[in-house]
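**Q** Handing you this structure, nothing more for now.
The values are calculated or read from the model by the stated rules, or taken from the named source; none is laboratory data. Just so it is clear, the model here is predicted, and its values are computed rather than measured. Cβ atoms come from the backbone with ideal geometry, glycine included; neighbour counts cover every protein chain shown. The protein model used for the area step is the full one, side chains on, heavy atoms only, and it has no ligands, DNA or RNA in it. Shrake-Rupley method; radii C 1.70, N 1.55, O 1.52, S 1.80 Å.
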Amino acid sequence: MTALPAVSKKKLGLVIDLDTCVGCHACAVSCKEWNAGGIAGPLTDEKPYGDDPAGVWFNRVHSYEIEALDAQPAMTLHFPRSCLHCETPACVTVCPTGASYKRAEDGIVLVDEDKCIGCKLCSWACPYGAREYSPVEGVMKKCTLCVDRIYNENIPEASRQPACVQACPTRARHFGDLGDENSAVSKLVAERGGVALMPELGYAPVNRYLPPRARRAGAATPASPPAENLETKELPSLLRWLDRALSR
Amino acid sequence: MSEPSLDLQKPVGDELKQTTCYMCACRCGINVHLRDGKIRYIEGNPAHPVNRGVLCAKGSAGIMQHYSPARLRKPMLRTGERGANEFREIEWDEALTLAATWLGETRARDPDRLAFFTGRDQSQALTGWWAQQYGTINYAAHGGFCSVNMAAGGLYTLGGSFWEFGEPDWEHTRYLMLWGVAEDHDSNPIKLGLGHLKGSGAKIVAVNPVRTGYGAIADEWVGIRPGTDGLFAFALIHELLKADRIDLDYLVRYTNAHWLVVQNPGGADDGLFARDADGQALCAVRGDATASPHPRPLSPGERGDEILLPLGEGARRADEGNAVATNLIPANTPDISPRIVGDVTLPDGRRAVPVFHLVAERYLDPQYAPDAVSDRCGIPADTIRRIAREIAAAAFDSDVNLPVAWTDTHGRRHASMRGRPVAMHAMRGISAHSNGFHTCRALHLLQLLLGAVDAPGSFRYQPPFPRPIPPANRPGKSRGADGKLDAPPLGFIHGPEDLLVDAQGQPRRLDHAYSWSYPLAVHGMLHTVIRNAWAGDPNTIDVLFLFMANMSWNSAMNTTETMRWLTDKDEHGEYRIPKIIYSDAYASEMTAYADLVLPDTTYLERFDAISLLDRPISDADCASDAIRHPVLSAPEQAAGRDVRGFQSVLLDLGARLKLPAMTEADGTPKYRDYADYIVRHERAPGVGLLAGWRGEDGSQSGKGAPNPAQLEKYIANGGFWREAIPASARYYKMANRDYLEWSAKLGFIAKPEPVVLQLYSETLQKFRLAAQGHGPVQPPAAQRERVATYFDPLPIWYEPFEGAQTTVADFPLSAVTQRPPFMYHAWGSQNAWLRQITARNYLYLHPSLAEKQGVLDGDWVHVDSHHGRITVQAKLVANMQPDTVWTWNAIGKRRGAWKLSKNSPESKQGFLLNHLISDITPRGDYANADPVTGQAAWFDLRVRLSKAEAQDGSSPQFAPLAGADPSDAPLRYGAMFRKSK
Amino acid sequence: MHPAFSVIFFTTLSGAGYGLWFWTMVAIPLLDDQARHSGLALLVPLALGFVLVAVGLSSSVLHLGKPLRAWRAFSQWRSSWLSREGVLAMTTFVPLAYFAAASFSRVPFSNGLGGVAALWLAVGSIATVLCTAMIYASLRPIPAWSHRLVPAVYLVFALHTGALIALTIGLRTFAIGNEGAALLILLTSMLAWRLKRRYWQDIDRGVLPVTRNSALGLPADREIKQFERPHTEANYLTKEMGFVLARKHSRRLRLIAVLLFALVPALCALPLWFVPMAHPTPLLALACASALLGTFVERWLFFAEAKHVVMTYY
Ligand SMILES: Nc1nc2c(c(=O)[nH]1)N[C@H]1C(S)=C(S)[C@@H](COP(=O)(O)OP(=O)(O)OC[C@H]3O[C@@H](n4cnc5c(=O)[nH]c(N)nc54)[C@H](O)[C@@H]3O)O[C@H]1N2
Ligand SMILES: Nc1nc2c(c(=O)[nH]1)N[C@H]1C(S)=C(S)[C@@H](COP(=O)(O)OP(=O)(O)OC[C@H]3O[C@@H](n4cnc5c(=O)[nH]c(N)nc54)[C@H](O)[C@@H]3O)O[C@H]1N2
Ligand code: SF4
Ligand code: SF4
Ligand code: SF4
Ligand code: SF4
Ligand code: SF4
Ligand SMILES: [Mo]
């Protein structure tokens, strides 16, 4: 299975809007919550109440500081990182067991935990850090694109989307078919100049990130009549309000 | 090989329960999916008005909170010394008997000897009522240390407020200013709103010393110096006044801008409104103006004098050669063009000027010019000027007008709703300072000058607001024969006569709320309770009864002393605070200090009412309330624990105490439990905790007889009720007839009368007059200057006390905290998932400051305040104001608390800024609080910093609480669901 | 990258084993008739090689999360170098089995079948080592591993350590004599050193092929600093990929490695050449032990010094 399937027409993935993300970690925790009891669960936590707690997360939210440019003041940037469901991912091809595979029908990259031997090779092969090994379970885990939600007819249609997308309070996360150029996500990517991460590595990620819009600090002086330049030291400035015919 | 076959059609759970989240006070609707009796998945309820399907990090981690090992299991009686965390588990019967005995003896002696204070709960509709029935004046919830400056500033100005009583018009705003907001209670609604604004292209400006969270996505970040927002607001007002970019029509329609203020320095009426015989405030109109027939004749001399301008020496005639006579008529007369500047001589010869005149005079003063405030605020003057221009442009040059016809309270039809699409929202960055009340009023003044309160695109009221200014209910003061207080202990002060002071003018309440020190402390002052109880100031107490407040730790100032006060003994070896009863759901730092612990359920196991009588969850378009109900099966819930919902326990105690309102004539309890109370209790005829499905058949909203099936109706409707405001009633609510009638019909206000917004607060002036020696109730001499200074009827700015009473040389830096979006105060750290995000906190410094101090990223630093020292690990970040340091709030934990290992990063490296925050001012004469409202001034903290040797962990450290470390076994939550079909 | 001892153990030992097998096969044509016919002489190196390979393999299997499923690793030879390595490793056991059977049944090695088996084992050994190398060399996210010299390094170290073992256990006496042995040691030591020096120079210069900006999808012109990690405590990624080795330790360890894998063996080889010696075994054993130890350090560094691009996020 490790051989990649023919490139599917359907390329399901996420579009994450870095302009809107406030770094609240809601996506990360809802992901953990859904998947803990889903097809990839449990997302085991070690020393959950101890000195160095660590667990499996499919989605981790980083925070950065972007230094100022002349045109743009310093910014804080939040950046959620999860599997990009690459089109040509080495995480799949390196897998010796076939546990790691890319679904032919929609391009979702998954791990079949029943086959996985826990060699960690796929996690080394993923440049995006999207694979998480659980020493307790002895197998590799990763984002499932909530495959057990998005097709699940027991879930109301409007909620048939990844947990992280459903939860995101700013609605900075979008899910859809990036192989269909008419899909809402593809249009969003086109409109906002969505980018792929580290394209130079050749993994051809499906997920896209929408870069932050230019911040409008003081750039354009808004059209407004010039200030009246009152000499405030003199009280007659109040005079001009004297004859205002106000309507009450 | 073929792809494995996946079971993609597995139902989420086998049961779905819809209730209300309480991982924080935002109160989102949640769908709780259960499988085999266990919680499988909690998701946002898409139909819920608060969160519309989204869910925050805390909400998603509810599973881990519910199954937390730190949950209390049974009532506990202290066995060791207080504070050692040594207890014996007891049965409920014993616990309740004991509590009832303590409370009964205390009540018999003097009900005020019970201090009943509640924290983060939202049961004030019950707890306040209970305190009233018990008869103690010593009751409050946590608002006093939280954001009462916001509440009071708003309620005394707008009849509504920021906090969770209003919201920006997310749909229509073009310009949003966020002042000192990190998370706020409207956590998900704000995030939904910001996400929307990002798409709509509105400009977002974050005024905050730190640029994280909401500030990260803001278009512009104004890195202000803490405590100076009032000056910034005044400079904006100055610019708007100068440029005449003011909505004068709005001001005279909806505010008291044209009301005449008596100018009689030294007189008992100085600064009060000129009123007619009926008490109607007057305004001046030109004599030739055709005023509509006013309702009743004016008092003698209805004709005022001509307008005079205060031009220094000898008043000069305003319109020389063209003198016009001036009419004095009631200010609420419609269709008039009142004067807003100029001197008026009242018929009795007194001088008066319109409110706006005073406003313009004060804020046009050069001391508030951008150039004058720029240095102190740390904001370039050009930026201030530009922002003033931008907000004016957004307010006045945009074409946001809603084609919705509406009728004002004078019965006049308006074809559309004119927009003023500048919205403001502010929270604790403003309120947690000792000048916060006035700063909050300054922001409201700014909004009002722009006409940007409840206009399309601006700040909007959420029902049940607006309410009369100030709201009618005054605090209870005296007890009847049945021992009951004449009104609930918390209420609104209308003047000095409403204060709770004794004949000498000294505080009556334990927390000193409603005293001359903090007259408008309308939420009480939880932060002074423990010191005063220990000191017996004004009196000793018998029982301290606390609920859901971690008062020995992260909600305390001066933590070290607080822990000592809680355990201190008198000369007879008795605890100075004789009895402490505490209800918590988890093994917090505070449980260790209780004599008797009443274990509460988790939020998924009990009935709760999210009531309009308390902190409403309405939004600007609809009124809403909600419930919580037990979502787990009884056996599942009982497994290994025997806990009870605190509200039910409280009712049980009330019945055991035979409080009349909780006992039938035959002595049996009146209410089976809280659920029964929610349904049957009526506050006033037809008004109960829940507004939905009232009336015997459930057909009424707002008011109506109790409906025995009410809770079932709520449960069937996803746990909430909402009623949309009619379209014609959604804006200008303070003067919108349809709205006010709707509001009265639902019982939110007594009468559908307009609410006139108060630029100038006569209530404040009454206190100032008292301080100047007028009126029957006057402050003691020692307090006069303070009251006279801080009860300015127009917003003022002053240096926050801690800064004013220390020097910049000693303490050059401000230190503040922020809410992490994924933690709720202390509760989050017991959560196996949330604590992985932040298990320790750092002190964030600006690189330029670090360079000056020779501090490198990761170094340890000493941080000193006038009160103490902490030694903590530093991190360098540039996204902040350089003279400020900050950290995440409430990450630091006491060793042994929350069932975390004793060397957990939270306790070993984590820390609280609270160890540095004194509960009194440096001078020691008052609480570290706002002089008007008593709001705790957490963010006044001033510090200095020095490099420390590398440390093993943070300090101070306190003796670990007794208890075994948790097991290090891995947590495999969810494994059982994978197997189950 | 986190230097996992099992993997370091595995690559070092199995490399030495395959090298030993390779040299043993090379030696067959050089053996005298008696030895060639008896086969017993070959049994010792073959068996020792087997021990090394088997210990290495089992240590790597034990390192798996699910050792019992290790058999599954043979299935994906079409795409996975790890799978290929496994398959090839298994195939080398065929000629090995043949040799074992042949020597017990006293079938001479020099017949045609023996030739085929020898060729198989020699080529198989080299191929297996190359597959091991390719597991790493094919990982683009770890530039220090996907470096073009990595296969050569793996091969040379296998040959170097394999040769030293072979010489130590006496293969020398049949064929090349002390001088030959010395020459071989000097040659492989030199080669290993040159290769590693070149490799280290490269990776010291080598910057990651990606920047934080491209990792975040942002324009290249903005400087981006970390503000907060997703989690304050360590996690799988930071432990596995985020291993950082202080530069000064790395310098020292490189020196130690070179000393052990090249200098000591070379110094041991010199007397072998110049001083006639009846029993050079102690010297060879010293060289051999030192080289193995040196390779161990080298391998440890190979892991510990490699940076994974995912750390641009941290
Ligand atoms: N330095 C600094 N200090 C601050 C602030 C700050 O900004 N900076 N903010 C202040 C503010 S605004 C606030 S509101 C306070 C908040 O501080 P607290 O009100 O003390 O909030 P928590 O720490 O969350 O504590 C509430 C307690 O309620 C318990 N609890 C949780 N759920 C339940 C339940 O269902 N039932 C019962 N009975 N108990 C429960 C928790 O276990 C905990 O012990 O902190 C204040 N302290
Ligand atoms: N996730 C989460 N949500 C919460 C809570 C929680 O603990 N966790 N707590 C709830 C509670 S009890 C409350 S009271 C609310 C509080 O909600 P917020 O008001 O959002 O609370 P804080 O985090 O105290 O935020 C104060 C902000 O003001 C900034 N600030 C400090 N001083 C100044 C100043 O002088 N001027 C300006 N302009 N800014 C300043 C700080 O940098 C910080 O960003 O949040 C509620 N919501
Ligand atoms: S992001 Fe990583 S794990 Fe996901 S498909 Fe790409 S390479 Fe594989
Ligand atoms: S860890 Fe599992 S999924 Fe990853 S490469 Fe190894 S066998 Fe394949
Ligand atoms: S798509 Fe699903 S599995 Fe992937 S990050 Fe989102 S919630 Fe997690
Ligand atoms: S939930 Fe949305 S806003 Fe929050 S961190 Fe994730 S993507 Fe960002
Ligand atoms: S904001 Fe989060 S924690 Fe608070 S009620 Fe909503 S979902 Fe729950
Ligand atoms: Mo609060």
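Every residue, every condition in (1) assigned by the TED database to the domain that holds B:Leu443; (2) open to solvent by less than 10 Å² (accessible area, probe 1.4 Å); (3) modelled with pLDDT of 95 or more, yes or no:
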| position | (1), (2), (3) |
| --- | --- |
| B:Glu167 | yes, no, yes |
| B:Met177 | yes, yes, yes |
| B:Leu194 | yes, yes, yes |
| B:Lys203 | yes, no, yes |
| B:Val207 | yes, yes, yes |
| B:Gly213 | yes, no, no |
| B:Ile237 | yes, yes, yes |
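**Q** Among the numbered criteria (1) open to solvent by 10 Å² or more (accessible area, probe 1.4 Å); (2) modelled with pLDDT of 95 or more; (3) closer than 29 Å to A:Ala54 by Cβ, which one does C:Val244 miss?
**A** With (1) open to solvent by 10 Å² or more (accessible area, probe 1.4 Å); (2) modelled with pLDDT of 95 or more; (3) closer than 29 Å to A:Ala54 by Cβ applied to C:Val244, the lone miss is (2).
**Q** Then there is this: Of the residues B:Ala47, B:Ala25, B:Ala61, which is within 16 Å of ligand 2 (Cβ to nearest atom), more than 19 Å from A:Tyr151 (Cβ to Cβ) and either modelled with pLDDT under 95 or open to solvent by 20 Å² or more (accessible area, probe 1.4 Å) (or both)? Before you say what the answer is, go through the steps one by one.
**A** Numbers: B:Ala47 fails: within 16 Å of ligand 2 (Cβ to nearest atom); B:Ala61 fails: either modelled with pLDDT under 95 or open to solvent by 20 Å² or more (accessible area, probe 1.4 Å) (or both).
Only one candidate passes the filter, namely B:Ala25.
**Q** Suppose we keep only residues that are under 19 Å from C:Ser83 (Cβ atoms) and facing another protein chain (nearest Cβ under 7 Å) within the stretch A:101-113. Which one would you say is surrounded by the fewest Cβ atoms within 10 Å (Cβ to Cβ)?
**A** Here the answer is A:Asp112.
**Q** In the same structural domain as B:Thr871 (by the TED database) and open to solvent by less than 10 Å² (accessible area, probe 1.4 Å): which single residue out of B:Tyr844, B:Tyr824 fits that description? Walk me through how you get there before you give the answer.
**A** On the way: B:Tyr824 fails: open to solvent by less than 10 Å² (accessible area, probe 1.4 Å).
None of the others qualify; the one that does is B:Tyr844.
**Q** Another question about this same structure. Exactly one condition in (1) farther than 28 Å from B:Arg27 by Cβ; (2) part of a strand (DSSP E or B) is not met by B:Arg722; state its number.
**A** (1)
**Q** Filter the stretch B:780-816 for residues that are among the β-branched types (Val, Ile, Thr) and surrounded by fewer than 24 Cβ atoms within 10 Å (Cβ to Cβ); which is farthest from ligand 7 (Cβ to nearest atom)?
**A** B:Thr807
**Q** Report the residue count in the stretch C:166-211 for those that are open to solvent by less than 30 Å² (accessible area, probe 1.4 Å), under 21 Å from C:Glu298 (Cα atoms) and of a type in the set (Lys, Arg).
**A** Within the stretch C:166-211, residues that are open to solvent by less than 30 Å² (accessible area, probe 1.4 Å), under 21 Å from C:Glu298 (Cα atoms) and of a type in the set (Lys, Arg) number 1.
**Q** Go through (1) within 14 Å of chain C (Cβ to nearest Cβ); (2) within 16 Å of ligand 6 (Cβ to nearest atom) and name the single condition A:Ser134 misses.
**A** A:Ser134 satisfies every listed condition except (2).
**Q** If I go through the stretch B:852-866 residue by residue, how many of them are in contact (Cβ under 8 Å) with a residue 40 or more places away in the chain, out of contact with any helix residue (DSSP H, G or I) (no Cβ under 6 Å at 6 or more places or on another chain) and in a loop (DSSP other than H, G, I, E, B)?
**A** Final tally of qualifying residues: 4.
**Q** Does any residue of the stretch B:812-834 turn out to be β-branched (Val, Ile, Thr) and assigned to a strand (DSSP E or B)?
**A** Yes, the stretch B:812-834 has at least one match.
To keep it simple, each residue is scored yes or no on (1) touching a residue at least 60 places away in the same chain (Cβ under 8 Å); (2) over 17 Å from C:Leu139 (Cα atoms); (3) out of contact with any Leu (no Cβ under 7 Å at 6 or more places or on another chain).
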| position | (1), (2), (3) |
| --- | --- |
| A:Asn59 | yes, yes, yes |
| A:His62 | no, yes, yes |
| A:Ala68 | no, yes, yes |
| A:Thr76 | no, yes, yes |
| A:Arg81 | no, yes, yes |
| A:Leu84 | yes, yes, no |
| A:Thr88 | yes, no, no |
| A:Pro96 | yes, no, no |
| A:Ser100 | yes, no, yes |
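**Q** One residue is enough: does the stretch A:82-97 have a residue meeting the conditions closer than 30 Å to B:Met880 by Cα and of a type outside the set (Gly, Ala, Ser)? Walk me through how you get there before you give the answer.
**A** At the first step, the residues of the stretch A:82-97 found to be closer than 30 Å to B:Met880 by Cα are A:82.
Of the ones still in play, those that are also of a type outside the set (Gly, Ala, Ser) are none.
No, the stretch A:82-97 contains no residue that is closer than 30 Å to B:Met880 by Cα and of a type outside the set (Gly, Ala, Ser).
**Q** Going by what's in this entry, would A:Phe58 be described as more than 8 Å from chain B (Cβ to nearest Cβ) and part of a strand (DSSP E or B)? Before the answer, list the steps.
**A** Values: more than 8 Å from chain B (Cβ to nearest Cβ): yes; part of a strand (DSSP E or B): no.
So A:Phe58 does not fit the description; no.
**Q** I'd like to know if the stretch B:40-60 contains one or more residues that are more than 16 Å from ligand 5 (Cβ to nearest atom), of a type in the set (A, V, I, L, M, F, W, C) and under 24 Å from A:Tyr49 (Cα atoms).
**A** no
**Q** Further, regarding this structure: Among the listed residues B:Arg428, B:Arg420, which satisfies the condition of being open to solvent by 10 Å² or more (accessible area, probe 1.4 Å), away from chain A (no Cβ under 14 Å), among the basic types (Lys, Arg) and within 16 Å of ligand 2 (Cβ to nearest atom)?
**A** B:Arg428
**Q** Is it the case that some residue within the stretch B:551-567 is in a loop (DSSP other than H, G, I, E, B), open to solvent by 30 Å² or more (accessible area, probe 1.4 Å) and not assigned by the TED database to the domain that holds B:Ile891?
**A** No, the conditions are met nowhere in the stretch B:551-567.
**Q** Of (1) part of a loop (DSSP other than H, G, I, E, B); (2) within 22 Å of the chain's Cα centre (by Cα), B:Gln504 satisfies all except one. Which?
**A** Unmet for B:Gln504, out of (1) part of a loop (DSSP other than H, G, I, E, B); (2) within 22 Å of the chain's Cα centre (by Cα): (2).
**Q** Please note which helices (runs of 4 or more DSSP H) are completely contained in the stretch B:1-109 and include at least 3 residues that are of a type outside the set (Phe, Trp, Tyr) and more than 14 Å from chain A (Cβ to nearest Cβ).
**A** Hits in the stretch B:1-109: B:92-109.
**Q** Which condition does C:Ser38 not pass, out of (1) buried (at least 19 other Cβ atoms within 10 Å of the Cβ); (2) of a type in the set (S, T, N, Q); (3) modelled with pLDDT under 85, if it passes all the others?
**A** Among (1) buried (at least 19 other Cβ atoms within 10 Å of the Cβ); (2) of a type in the set (S, T, N, Q); (3) modelled with pLDDT under 85, C:Ser38 violates only (1).
**Q** Now a separate question. Residues in the stretch B:132-167 that are part of a loop (DSSP other than H, G, I, E, B), within 10 Å of the chain's Cα centre (by Cα) and of a type outside the set (Ser, Thr, Tyr): how many?
**A** Residues in the stretch B:132-167 being part of a loop (DSSP other than H, G, I, E, B), within 10 Å of the chain's Cα centre (by Cα) and of a type outside the set (Ser, Thr, Tyr): 5 in total.
**Q** Being more than 7 Å from every other protein chain (Cβ to nearest Cβ) and open to solvent by 10 Å² or more (accessible area, probe 1.4 Å) is the filter; apply it to the stretch A:61-82 and report the residue that is modelled with the highest pLDDT.
**A** Restricting to residues being more than 7 Å from every other protein chain (Cβ to nearest Cβ) and open to solvent by 10 Å² or more (accessible area, probe 1.4 Å), the top hit is A:Ala68.
**Q** If I filter the stretch C:212-227 for residues that are among the acidic types (Asp, Glu) and open to solvent by 30 Å² or more (accessible area, probe 1.4 Å), do I get at least one hit? Write out each step before concluding.
**A** We begin by selecting, within the stretch C:212-227, every residue among the acidic types (Asp, Glu); these are C:221, C:223.
Add one more test, that the residue is open to solvent by 30 Å² or more (accessible area, probe 1.4 Å), and what stays is C:221, C:223.
The answer is yes; a qualifying residue exists.
**Q** Within 14 Å of another protein chain (Cβ to nearest Cβ) and either closer than 24 Å to A:Pro89 by Cβ or not in a loop (DSSP other than H, G, I, E, B) (or both): which single residue out of C:Leu43, C:Leu119, C:Leu88 fits that description?
**A** One residue alone meets the criteria, C:Leu88.
**Q** Collect the residues in the stretch B:760-795 that are among the β-branched types (Val, Ile, Thr) and within 19 Å of B:Phe492 (Cβ to Cβ), keeping them in residue-number order.
**A** Listed by number, the residues that qualify are B:Thr763, B:Val777, B:Val787.
**Q** Being open to solvent by 30 Å² or more (accessible area, probe 1.4 Å) and under 22 Å from the mean Cα position of the chain (by Cα) is the filter here, so list the residues in the stretch B:476-489 that pass it.
**A** Taking the stretch B:476-489 first, the residues open to solvent by 30 Å² or more (accessible area, probe 1.4 Å) are B:477-482, B:484, B:486, B:488.
Listed by number, the list holds a single entry, B:Pro488.
**Q** I would also like to ask the following. Here are the criteria: (1) outside any helix (DSSP H, G or I); (2) at the interface with chain B (Cβ under 8 Å from one of its Cβ atoms); (3) surrounded by fewer than 24 Cβ atoms within 10 Å (Cβ to Cβ). Tell me which single one A:Thr170 does not satisfy.
**A** All conditions pass for A:Thr170, except number (3).
**Q** Still on this structure: Considering the stretch B:889-944 alone, what residues qualify as being crowded, with 22+ Cβ neighbours inside 10 Å, in a helix (DSSP H, G or I) and not acidic (Asp, Glu)?
**A** B:Ala897, B:Trp898, B:Pro905, B:Ser907, B:Leu913, B:Asn914, B:His915, B:Leu916, B:Trp938, B:Phe939
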